[in-house]
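> Below is one structure. I have some questions about it.
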Amino acid sequence: MLVSNVYRPMVFGCRADEPLVEVARWMVDNEVGALAVIDGELVTGIITERDLVGALATSDDPASQQAAAYASTQIRTAELEEDAREVARRMLDAGIRHLPVQDRGRVVGMVSMRDLLALETWTA
């Protein structure tokens, strides 16, 4: 099965200068665990629930912090035509739960470990 069969074909994102409070609110309102951090037209990072917890644990004033300060900037991606099991393996090896999905170098969506688990459950 391919990533194209399971990914979410929308790029949910926030600005790099977005306050963490707004990032967290957006995640809750839209029931997502990660957002692409966007600076202009570029995806410069990924901010996840784990990153928000890290901000709470380490910042004296997390409400004043911006998304870019806590986002992961080592962006790994999946391609639409990649094998979903291989992508799941890479995610497990890297200890990550969300990957932006690209089509010819352009980010077109996101895939989560939950998406891949659902695929395994429904096709097994």
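Read the figures in this text as sums done on the coordinates, not as results from a lab. On a predicted model such as this, the values are computed, not experimentally measured, just so you know. As a convention, Cβ positions derive from the backbone with ideal geometry for all residues, glycine included, and neighbour counts pool all protein chains shown.
> Just give me the residues in region 87-101 being more than 15 Å from the chain's Cα centre (by Cα) and surrounded by 12 or more Cβ atoms within 10 Å (Cβ to Cβ), in sequence order. Steps first, please.
Restricting attention to region 87-101, the residues satisfying the condition of being more than 15 Å from the chain's Cα centre (by Cα) are 89, 93.
Passing the criteria: only 89.
> Which of (1) in a helix (DSSP H, G or I); (2) touching a residue at least 12 places away in the same chain (Cβ under 8 Å) does residue 108 not meet, given it meets every other one?
Here residue 108 meets the rest and fails (1).
> Okay, next question. Across region 49-65, what is the total count of residues that are of a type in the set (A, V, I, L, M) and under 14 Å from the mean Cα position of the chain (by Cα)?
Residues of region 49-65 of a type in the set (A, V, I, L, M): 52-53, 55-57, 63.
Still in the list and also under 14 Å from the mean Cα position of the chain (by Cα): 52.
Final tally of qualifying residues: 1.
> Give the residue that is surrounded by the fewest Cβ atoms within 10 Å (Cβ to Cβ), with candidates limited to residues of region 7-55 that are touching a strand residue (DSSP E or B) at 6+ places or on another chain (Cβ under 8 Å), in contact (Cβ under 8 Å) with a residue 40 or more places away in the chain and farther than 14 Å from residue 100 by Cβ.
Top of the filtered list is 17.
> Among 68, 36, which is the only one that is under 14 Å from the mean Cα position of the chain (by Cα), farther than 24 Å from residue 119 by Cα and small (Gly, Ala, Ser)?
Of 68, 36, the one residue that is under 14 Å from the mean Cα position of the chain (by Cα), farther than 24 Å from residue 119 by Cα and small (Gly, Ala, Ser) is 68.
> Could you list all residues from region 71-86 that are of a type outside the set (Gly, Ala, Ser), surrounded by 12 or more Cβ atoms within 10 Å (Cβ to Cβ) and either on the phi > 0 side of the Ramachandran plot or within 12 Å of the chain's Cα centre (by Cα) (or both)?
75, 76, 77
> Criterion first (on the phi < 0 side of the Ramachandran plot and of a type in the set (Asp, Glu)) does residue 22 satisfy it?
Numbers: on the phi < 0 side of the Ramachandran plot: yes; of a type in the set (Asp, Glu): yes.
For residue 22, the condition - on the phi < 0 side of the Ramachandran plot and of a type in the set (Asp, Glu) - is met.
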